[in-house]
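> Before I ask anything, let me first share the structure, which is written out below as structure tokens.
No value in this document is a laboratory result; all are computed from the given coordinates. Since we're looking at a predicted model, the values are computed, not measured. All Cβ positions, glycine included, derive from the backbone under ideal geometry; neighbour counts span all protein chains shown.
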Amino acid sequence: MALLASLLLSSLASFAQDKADEPNTPEKTQSLEGEEPSADEESSAGKERSAENEPSANKNAIERTVPKPHQNLIKQLKASYKANELNTLQAEGESFHALWRKDSTGQAYGAVLLVPTDGQTPNWPYTIEPLRTHLSTSGWATLSIEISPHPASAIPSRPAPKQVKAEQKPAETEADENGDKTENDSSQDEAVEKPIENQQEITTKEKNTETSIKKDSGLARIDAAIQFLHNNGQFNIVLVAYGNSAQRVLDYVFTHAKNPTKQMRALVLVNPMPHKAGDLNAALTRFNELNLPILDISFSQHPIDQLKTQERLNIAKSHNFNAYEQSLIMEPLHSTSRQENRLSKRIRGFLNRKAKGVEIER
């Protein structure tokens, strides 16, 4: 009996151990084969599949960030320059920023207004910032303005094509073989003439679109910057224009040539280019009668730029424009040294020869 009881106890212990080792089975059992799932089971399964396919609510709530380069530029200027150096000016109801740096030698010769090209900042490296740094230590105050890019022409809307249904009638005679026109040929001619009328409508729409383009505010900003220089006692002013702002400067100076309060002492054009599909050579020919010293600095790294540079030089020679000078240099590149680059040296030498003024006490 004792042996039988011990065997019974050992078998019960082993059975309990086997039960403990078995994995937990889910409460929800699958339906037997041949048994259709209930409506509740189908709805719950459909909801799970739709939840997996649909994007989460958090993804839909994410807003895409729109780049704001102008606001980033303002933050960078405010963080890099002092309050007395960064100024806010007004032109045509819009505010823009300008970097002002006084002469640090105590012997002032005048002021230089730096006008960047489209897409450049008032402290553009290698070209504008070196002038602001080195001219102020050579007797010249500098003011570099923020120029607004010229608005691009709007894309004209494409007109809806007109459906021309030409009635084609069978020829009653055999005059087609002899080269005579039938009624069918005349209807085809009318259908060919229709696209000409459409082309005239497209040209008219393009002209109306061009007139509705926003006006370039570059000239107004130049005028506001000159007024700022006058308020700071600077009347011996030299304009330095980069890229397509060269034509802006030429137009501004020629427009105010007879205004004694807005006359410039000299002009410097750095790698000049036309803007608004204008003709830079035609704008340059008007300055022969003004006898205003002009320094044309060209980088001429492309054959087309070399051709345009030679054209400007030929125009100046043909018009006996003796006040025009041209200089070919390499484009300034990045340099770890803080020495004055070739562009700044060339402009500084021209200013000391052609535009140096004297300080007058009031």
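> Stretch residue 290-residue 317 to full length: gain in nm at 0.36 nm per residue minus the Cα-Cα span?
8.2 nm is the gain from fully extending residue 290 to residue 317.
> Students often get this wrong, so check it: of 82/258; 82/262; 102/308; 102/262; 258/354, which have C-alpha atoms separated by over 32 Å?
Over 32 Å apart, Cα to Cα: 82/258; 102/308.
> Which of the peptides 286-299, 244-257 is most tightly packed, and how do the rest follow, going by the mean number of other Cβ atoms within 10 Å of each residue?
Packing proxy ranking, top to bottom: 244-257, 286-299.
> Which value in nm describes the separation of the simple spin-label points at residue 235 and residue 105, placed 7 Å from the Cα toward the beta carbon?
A separation of 2.2 nm, rounded to one decimal place.
> Taking the Cβ of residue 332 as the centre, find all other residues whose Cβ is under 12 Å away and add up their charges (Lys, Arg: +1; Asp, Glu: -1).
Neighbourhood net charge equals 0.
> Assuming 0.36 nm per residue, please report the length gained on full extension of the stretch residue 78 to residue 90 beyond their Cα-Cα distance.
Full extension of this stretch gives 2.6 nm more.
> Dipole of the stretch 213-362, Cα-centred, from +1 at each Lys and Arg C-beta and -1 at each Asp and Glu C-beta, to the nearest 20 debye?
220 debye
> Roughly how many nanometres apart are two label points built 7 Å out from the Cα toward the Cβ at residue 279 and residue 338?
It is 4.8 nm.
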